[in-house]
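Student: Dropping a structure here in structure tokens format, bear with me for questions.
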Amino acid sequence: MRRLWRYVEDVESGKQVVGEYIRKAVKRFRSMMERIEKDPDCPYYFDEKKAQTFFNFCELCRQYKDKWAGVPLHLEDWQSFLFGNIYGFRKKSNGTRFFKKCVLFIGRKQGKSTLMCPVAIFDGAVGNSSEVYCLATKREQAKIVYDCVYHTIKQDPVLSAMFQNYRSATRLVNKRNSSIIAPLSADYSTQDGLNCSTAIADEIAAWKS
């Protein structure tokens, strides 16, 4: 949580140079936290434990490419802010996440696939009958994040024991909780029967709709 708050403070002070939308996101975060503190009728709360659980899970995942192969992930301040919003804010009514969607724009070769990898694995590991899909317009593009997920799982003995790899169907299956992780593209033959719990959508600028 220290990194999350440091990012908020650095943006507010001007130490961290960011664009308009990031400033607004930080302002929203501060406003929501203040409402939680002051308004007993606030419909949401911030669960530090759940946010920290995801942070810890991320940093147990190991990278697999180039000189970073085998090196655990280390969340930067802005990444902690991103995931803190997603996994920290919860609805009082049922404890589910307050934010259901996140749109992230960062430059090429900045580790987007690596960053999204723990999101897919986490839901597949702790969810109940979760269906996690790595989405793109073309199957080869959809497999980029999926392959990152596969190799990350392969490096960890606990995750490897949890997930079974079905190469013929190109999917990872967690038999303990009946969850799956799979790539999916617009040119997929059929999309009937899908009940997506987490979707990681890649290269959305190329999507027609």
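The values are calculated or read from the model by the stated rules, or taken from the named source; none is laboratory data. Please read these numbers as outputs of a predicted model, since none were measured by experiment. Every residue, glycine among them, receives a Cβ derived from its backbone with ideal geometry; neighbour counts consider all protein chains shown. Surface accessibility is based on the protein's heavy atoms, side chains included, excluding ligands, DNA and RNA. Shrake-Rupley method; radii C 1.70, N 1.55, O 1.52, S 1.80 Å.
Student: Cβ neighbours within 10 Å, averaged per peptide: list 20-26, 129-135, 95-101 in order, most packed at the top.
Tutor: 129-135, 20-26, 95-101
Student: Right, something else. If packing is taken as the mean number of other Cβ atoms within 10 Å per residue, what is the order of 52-60, 177-185, 156-164, highest first?
Tutor: By packing density, highest mean first, the sequence is 177-185, 52-60, 156-164.
Student: Still on this structure, I have one more. If r is the Cβ-Cβ distance from Lys49 to Arg176 and R0 is 25 Å, what FRET efficiency results, to the nearest 0.05? Write down the numbers at each step before the final one.
Tutor: Numbers: r = 23 Å, r/R0 = 0.90.
Efficiency for this residue pair is about 0.65.
Student: Quick one: work out the % antiparallel among DSSP beta bridges in segment 96-209, nearest 5.
Tutor: The antiparallel fraction comes to roughly 40 percent.
Student: Would you mind telling me the share, in percent, of accessible area of segment 36-175 contributed by carbon and sulfur at probe 1.4 angstrom?
Tutor: 52 percent
Student: Then there is this: In this model, which of Lys27/Lys50; Lys65/Lys138; Lys24/Lys175; Lys101/Lys154; Lys154/Lys208; Lys49/Lys154 are farther than 32 Å apart at the alpha-carbon?
Tutor: Lys24/Lys175; Lys154/Lys208
Student: While we're looking at this one, here's another question. Can you put Ile144, Ile121, Ile106 in order of accessible area, largest first, using a 1.4 Å probe?
Tutor: Highest to lowest solvent-accessible surface, that is Ile144, Ile106, Ile121.
Student: Here's something else I'd like to know. Counting helices only, and only those DSSP H runs with n ≥ 4, report the 222 nm mean residue ellipticity of the chain as the sum of -39,500 (n - 2.57) divided by its residues, in deg cm²/dmol to the nearest 500.
Tutor: The helix contribution divided over the chain gives -14000 deg cm²/dmol.
Student: Would you mind working out the accessible area per residue for segment 110-209, using a 1.4 Å probe, and quoting it in Å²?
Tutor: Values: 5330 Å² over 100 residues.
The answer is 53 Å² per residue.
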